[in-house]
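Novice: Just passing along the structure, written as C-alpha cells.
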Amino acid sequence: MKTINRIFILIIAAAALTACNELKYKDLFEQTDYFVEQLETTYQSYGLAGGEPRYTSDREYRIMPIGRLINVRKEKLDGGPSYEELKDILKSHYKGDKRVNDVFINGYGTIMIDCRN
C-alpha cells in the first residue's frame, strides 16, 4: 500500500513540474510555436537572411527563424536555465510534434529548433 501511495505522489509531482514549465515558459512557447506554425502554413522557408526576430515579453529570449530552423537565444545571461536545460525544456514541449524534427544546441551555443523536411 505504501508503494502505491509513493508512486501516486511521484506521478502527481511529475505532472505538477510539467505544468510549472508550461506556465513559466508560456511566452517562450507562444513565440516559438508562432514560427513553427508559420513554417507549416505560410512559409516554405525564411531564407538565409531569416525573418524578423521576436522577443518574449520580458525580453529574456530572442527567437529568430533562419531557413527552416528557429534560433532561440538568451538575452539575459545572468540567471535562468542553462542552454542545456532550455534545450530539454523545448524538447519536452515539442515531443510528439511532427513539425519539429529536433531541438539541439548549435555550434555557437544557442538553441535551434529544426523544422526541416
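The values are calculated or read from the model by the stated rules, or taken from the named source; none is laboratory data. The model shown is predicted, which means the values in this text are computed figures rather than measured ones. Neighbour counts are summed over all protein chains in view; Cβ atoms, including those assigned to glycine, are modelled from backbone coordinates with ideal geometry. Please note that ligands, DNA and RNA were not included when accessible areas were found on the heavy atoms of the full protein model with its side chains. Shrake-Rupley method; radii C 1.70, N 1.55, O 1.52, S 1.80 Å.
Novice: Could you put Asp33, Asp88, Asp114 in order of accessible surface area, largest first, with the 1.4 Å probe and the full protein assembly present? Could you put the intermediate results ahead of the total?
Specialist: Working: Asp33 50, Asp88 80, Asp114 15 Å².
Descending order: Asp88, Asp33, Asp114.
Novice: Further, regarding this structure: At 0.36 nm per residue, minus the direct Cα-Cα distance, what do Tyr83 and Ser57 gain on full extension? Give it in nm, one decimal, please. List each step's numbers first, then the result.
Specialist: On the way: separation 26, 0.36 × 26 = 9.36 nm, distance 1.93 nm.
Value of the extension gain: 7.4 nm.
Novice: Rounded, prolate or oblate: which one fits segment 78-117, using the alpha carbon gyration tensor with axes a ≥ b ≥ c (rounded when a/c is under 1.5, else prolate when a/b beats b/c, else oblate)? Provide the component values of the computation, followed by the final result.
Specialist: Values: a/c = 3.68, a/b = 1.56, b/c = 2.36.
The shape class here is oblate.
Novice: Starting from segment 32-117, pick out the chymotrypsin sites (Phe, Trp or Tyr not before Pro) whose DSSP state is loop and whose Cβ has at most 16 other Cβ atoms within 10 Å.
Specialist: On the way: sites: Tyr34, Phe35, Tyr43, Tyr46, Tyr55, Tyr61, Tyr83, Tyr94, Phe104, Tyr108; in loops: Tyr43, Tyr46, Tyr108.
The qualifying sites are Tyr43, Tyr108.
Novice: Could you work out the Rg to Rh ratio of segment 20-117, with Rh taken as the Kirkwood radius (inverse of the mean 1/r over all Cα pairs)?
Specialist: Details: Rg = 12.4 Å, Rh = 13.4 Å.
Over the Cα atoms of segment 20-117, Rg/Rh equals 0.93.
Novice: Taking the alpha-carbon distance from Lys24 and a cut-off under 23 Å, which lysines remain once sequence neighbours fewer than 8 residues away in the same chain are dropped?
Specialist: Lys74, Lys76, Lys87, Lys91, Lys95
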